[in-house]
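Inspection log for the structure reproduced underneath, given as structure tokens.
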């Protein structure tokens with residue numbers, strides 16, 4: 001998956017926006033960051049919980065690694081050249097769900113059925 005495809009997908013999630021974040025670009029919902037990516041377009045940083053981070057890294061060690069911000073495990077870093085497209089989409093949706101308002105998630109879920 002290319003970063004342009006990641007960007008297109010992330011911005012289809014309800015309420016998602018894109019904005020600069022220091023030296024990175026960020027995807028946000030309700031002004032809360034759910035993912036970032038550096039300008040090189042080679043990887044995406046996705047903010048999921050520790051359990052999901054561990055599961056993704058264990059299942060896809062060539063494509064994923066833990067993302068640490070200081071002493072805090074913040075999520076997972078995905079290498080776009082080897083991460084399966086379905087994995088990237090799934091992790092992005094999960095991160096978006098963690099930050100999106102419940103009513104927005106409910107509307108999204110209803111539309112997916």
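The values are calculated or read from the model by the stated rules, or taken from the named source; none is laboratory data. Computed from a predicted model, the values in this text were never measured in an experiment. Positions of Cβ are generated from backbone atoms using ideal geometry, with glycine treated the same way; all protein chains shown enter the neighbour counts.
Can residue 67 be described as within 26 Å of residue 105 (Cα to Cα) and free of Cβ contacts under 8 Å to residues at least 40 places away in the same chain? Answer is yes for this residue. Selection of the stretch 38-70 for residues being modelled with pLDDT under 95 and either part of a loop (DSSP other than H, G, I, E, B) or within 12 Å of the chain's Cα centre (by Cα) (or both) yields 39, 40, 41, 70. Using the structure shown, decide if residue 110 is outside any loop (DSSP other than H, G, I, E, B), more than 18 Å from residue 11 (Cα to Cα) and out of contact with any helix residue (DSSP H, G or I) (no Cβ under 9 Å at 6 or more places or on another chain). The answer is yes for residue 110. Per the conditions (1) crowded, with 19+ Cβ neighbours inside 10 Å; (2) closer than 28 Å to residue 112 by Cα; (3) without any contact (Cβ under 8 Å) to a residue 40 or more places away in the chain; (4) under 13 Å from the mean Cα position of the chain (by Cα), the sole criterion not satisfied by residue 13 is (3).
Among the residues of the stretch 70-86, those that are touching a residue at least 12 places away in the same chain (Cβ under 8 Å) and farther than 13 Å from residue 45 by Cα comprise 81, 82, 84, 85.
Among the conditions (1) in contact with a helix residue (DSSP H, G or I) (Cβ under 7 Å, 6 or more places away or on another chain); (2) assigned to a loop (DSSP other than H, G, I, E, B), residue 81 misses just one, which is (1).
Which ones in the stretch 32-44 are in contact with a strand residue (DSSP E or B) (Cβ under 8 Å, 6 or more places away or on another chain) and surrounded by fewer than 20 Cβ atoms within 10 Å (Cβ to Cβ)? If the condition is that a residue be in contact with a strand residue (DSSP E or B) (Cβ under 8 Å, 6 or more places away or on another chain) and surrounded by fewer than 20 Cβ atoms within 10 Å (Cβ to Cβ), then 33, 38, 39, 42 are the ones that fit.
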